Amino acid sequence: MKNMLGSGKFQMIYIASCGEGVNAFHLVESTLVQFPDSDISVVKVPRLRTESQVDDLIDKVKDIESIIVHTIVDSNLRRYLTRQGMDNHIVTIDLMGPIISKIETFLDRKPLETPGLYREIHLVNLEQVSAIDFALAHDDGLNPESIAEAEIVLIGLSRAGKTPLSMYMSVLGWKVANIPFVPGVPMPRSLDLVDRRRVFALNINPEQLQAHRRMRQESLGAKDIYAYSGKDEIEKEIEHAQKYFITKGYSMINVSNKPIETSAEEIIEMITRRFKANAHIRDFIPHQGSPQSNLTL
């Protein structure tokens, strides 16, 4: 028997789910903190909905000291996974079956057993959380290697309002990255992979930019603020930035004396008009017929 308890070789827990497996993942992670220094890896296997996918999972893990924790709503598939686990000496833990069975008894009603129903009902909330995470991870030029995944890219000088605008639009469900434009500093090469129709350059008048920068410097307690907030220097930066924006063919949005909501509406309207139904970039989900299509090990 390969999965001998207490063997000392147990190192993997697989989360198999017909959805994304997020809740089971967090439950297992919260359990593992009770076993510090256990060095257990937790791997999600999402969108597992066919027997062939179960077979593929079993084949991949049968020679590994592991446990399969699963949240599958289809009762037939749950039983199949349990049988396959027993036949291959793999411990399986069913988190969904007992709960469904109890509720079915109390309500005297059969469950729908529809995979992904929770995600479908809560899709807007999940997309919002994903968008906020994306905006935080791509704020102020962070993680440029994945900027091509952005639905909207904002470019602008320091203190032009990129971050608050990014965060506001992310709450509306848009994956937004923002990149600072610093004269003399090369922009990330990955920016060239982004459709320029998704890139928006923020223009701001010198007086407002100067006021924003002085407030920032004063809040930091800086004494010499001229190099950062001097009017002549700011005007040169704005001129340099505008030349770059025009050369690259980016859409320019004037954010001077505008509330964030107005600038966001302007950008979203342009994106929606340009891309219509494809304005949002959805994650590609492989066809369910392929046994390996949804297995991420």
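Within the option set Arg189, Arg282, being open to solvent by 70 Å² or more (accessible area, probe 1.4 Å), at pLDDT 85 or above and either hydroxyl-bearing (Ser, Thr, Tyr) or within 28 Å of the chain's Cα centre (by Cα) (or both) holds for one residue only, Arg189. Arg196 meets all of the listed conditions (1) modelled with pLDDT under 95; (2) in contact with a Phe, Trp or Tyr (Cβ under 7 Å, 6 or more places away or on another chain) but one, namely (1).
For (1) within 17 Å of Leu202 (Cβ to Cβ); (2) free of Cβ contacts under 8 Å to residues at least 60 places away in the same chain, each residue gets a yes or a no:
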| residue | (1), (2) |
| --- | --- |
| Val153 | yes, yes |
| Leu165 | yes, no |
| Ser170 | yes, yes |
| Ala177 | yes, yes |
| Phe181 | yes, no |
| Gly184 | no, yes |
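Name every residue in segment 229-255 that is touching a residue at least 24 places away in the same chain (Cβ under 8 Å) and open to solvent by less than 60 Å² (accessible area, probe 1.4 Å), in order of residue number. Break it down into steps so the answer makes sense when it comes.
Initial filter on segment 229-255 (touching a residue at least 24 places away in the same chain (Cβ under 8 Å)): 231, 234-238, 240-242, 244-245, 248-255.
Within segment 229-255, Ile234, Glu237, Ile238, Ala241, Tyr244, Phe245, Gly249, Tyr250, Ser251, Ile253, Val255 qualify.
Taking segment 242-279 as the range and being of a type in the set (S, T, N, Q) and not in a helix (DSSP H, G or I) as the test, the residues that pass are Ser251, Asn254, Ser256, Asn257. Taken as a whole, segment 35-57 holds no residue that is free of Cβ contacts under 8 Å to residues at least 40 places away in the same chain, more than 14 Å from Pro115 (Cβ to Cβ), in contact with a Lys or Arg (Cβ under 7 Å, 6 or more places away or on another chain) and not in a loop (DSSP other than H, G, I, E, B).
Per this entry, Leu123 is not counted among residues that are open to solvent by 30 Å² or more (accessible area, probe 1.4 Å), at pLDDT 95 or above and within 14 Å of the chain's Cα centre (by Cα).
The values are calculated or read from the model by the stated rules, or taken from the named source; none is laboratory data. It should be emphasised that the depicted structure is a prediction, and the values quoted were computed from it without experimental measurement. Here Cβ is always computed from backbone atoms with ideal geometry, including for glycine, and neighbour counts include all displayed protein chains. Each accessible area value is taken on the protein alone, full model and side chains, heavy atoms only, with ligands, DNA and RNA left out. Shrake-Rupley method; radii C 1.70, N 1.55, O 1.52, S 1.80 Å.
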